[in-house]
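**Q** I'd like to ask some things about the structure below.
None of the figures in this text is laboratory data; all of them are computed from the coordinates on show. Computed from a prediction, not measured in an experiment: that's the story for all the values here. All Cβ positions, even for glycine, are placed from backbone atoms using ideal geometry, and neighbour counts span all protein chains on display.
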Amino acid sequence: ILNVEQSPQSLHVQEGDSTNFTCSFPSSNFYALHWYRWETAKSPEALFVMTLNGDEKKKGRISATLNTKEGYSYLYIKGSQPEDSATYLCASSNSGYALNFGKGTSLLVTP
Amino acid sequence: AAGVIQSPRHLIKEKRETATLKCYPIPRHDTVYWYQQGPGQDPQFLISFYEKMQSDKGSIPDRFSAQQFSDYHSELNMSSLELGDSALYFCASSARLGLTSSYEQYFGPGTRLTVT
């Protein structure tokens, strides 16, 4: 994998559903994996930064895991709420620190 | 808490004109990154500065230049603007030394540049 890839591109779930997204990234020269939450007309909001293989992070109903050996990360949202509707961006960085972004997963949660 | 400030928020220029975008990082952050996001595209890294020196370079066109000043704010100068330069330009800051994680980048609200 040369670029950061996210799937699915978009997702539509009902309030209360749990969901997850996938981020695949180059595993060579890996430094850190970032998840951002981005709402329209706002700046991306940092959710998690993970660096170690097997890392798991949690913030409220949102959690993320990291597998650096195979180059993927999962973001989970438990009991989705309408306010979770946003684009979720994944980005990897190598030792140069600059972020290499995926195209994002657009989540819509309807009541 | 103070966030990354970008100015202007919106800018309209004509082809072949020049534009200057400004970024004011979070206080005590020493690193600034510039990203460009074209319509329907993912953000692309342009350039970064650490302690006023260029630290990394991405897909920044030769028509663009940037610098970081002694107060750590940064400016992105864009000359001979083309229609394809129309995009959202994000600035992010981080602290490689000091109180916060060296991994996290905090984004500004972006400057939307429209070239007509």
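**Q** Output the residues belonging to the range B:23-57 that are surrounded by fewer than 16 Cβ atoms within 10 Å (Cβ to Cβ) and either in contact with a His (Cβ under 6 Å, 6 or more places away or on another chain) or not aliphatic (A, V, I, L, M) (or both). Walk me through how you get there before you give the answer.
**A** Of the range B:23-57, the ones surrounded by fewer than 16 Cβ atoms within 10 Å (Cβ to Cβ) are B:27-28, B:38-41, B:51-54, B:57.
B:27, B:28, B:38, B:39, B:40, B:41, B:51, B:52, B:54, B:57, listed by residue number.
**Q** Looking only at the range A:53-111, count every residue that is of a type in the set (D, E, K, R), surrounded by fewer than 18 Cβ atoms within 10 Å (Cβ to Cβ) and assigned to a loop (DSSP other than H, G, I, E, B) and tell me the total. Full working, then the answer.
**A** Step one: filter the range A:53-111 for residues of a type in the set (D, E, K, R), giving A:55-59, A:61, A:69-70, A:78, A:83-84, A:103.
Within this subset, residues satisfying the condition of being surrounded by fewer than 18 Cβ atoms within 10 Å (Cβ to Cβ) are A:55-59, A:61, A:69-70, A:78, A:83.
Checking the rest, the ones that are also assigned to a loop (DSSP other than H, G, I, E, B) come to A:55, A:61, A:69-70, A:78.
Residues meeting the conditions: 5.
**Q** Here's a follow-up. Just to be sure I understand, how many residues within the range A:61-98 are in contact with a strand residue (DSSP E or B) (Cβ under 6 Å, 6 or more places away or on another chain) and of a type in the set (Asp, Glu)?
**A** 1
**Q** Return the total of residues in the range A:23-47 being outside any loop (DSSP other than H, G, I, E, B) and touching a residue at least 24 places away in the same chain (Cβ under 8 Å).
**A** Keep residues of the range A:23-47 that are outside any loop (DSSP other than H, G, I, E, B), which gives A:23-24, A:32-38, A:45-47.
The next check asks that each one be touching a residue at least 24 places away in the same chain (Cβ under 8 Å); those that pass are A:23-24, A:32-38, A:47.
Within the range A:23-47, residues that are outside any loop (DSSP other than H, G, I, E, B) and touching a residue at least 24 places away in the same chain (Cβ under 8 Å) number 10.
**Q** When you scan the range B:47-56, how many residues do you find that are more than 9 Å from chain A (Cβ to nearest Cβ) and part of a strand (DSSP E or B)?
**A** Step one: filter the range B:47-56 for residues more than 9 Å from chain A (Cβ to nearest Cβ), giving B:49, B:51-54.
Going one step further and asking which of them are part of a strand (DSSP E or B), we end up with B:49, B:53-54.
So the count comes out to 3.
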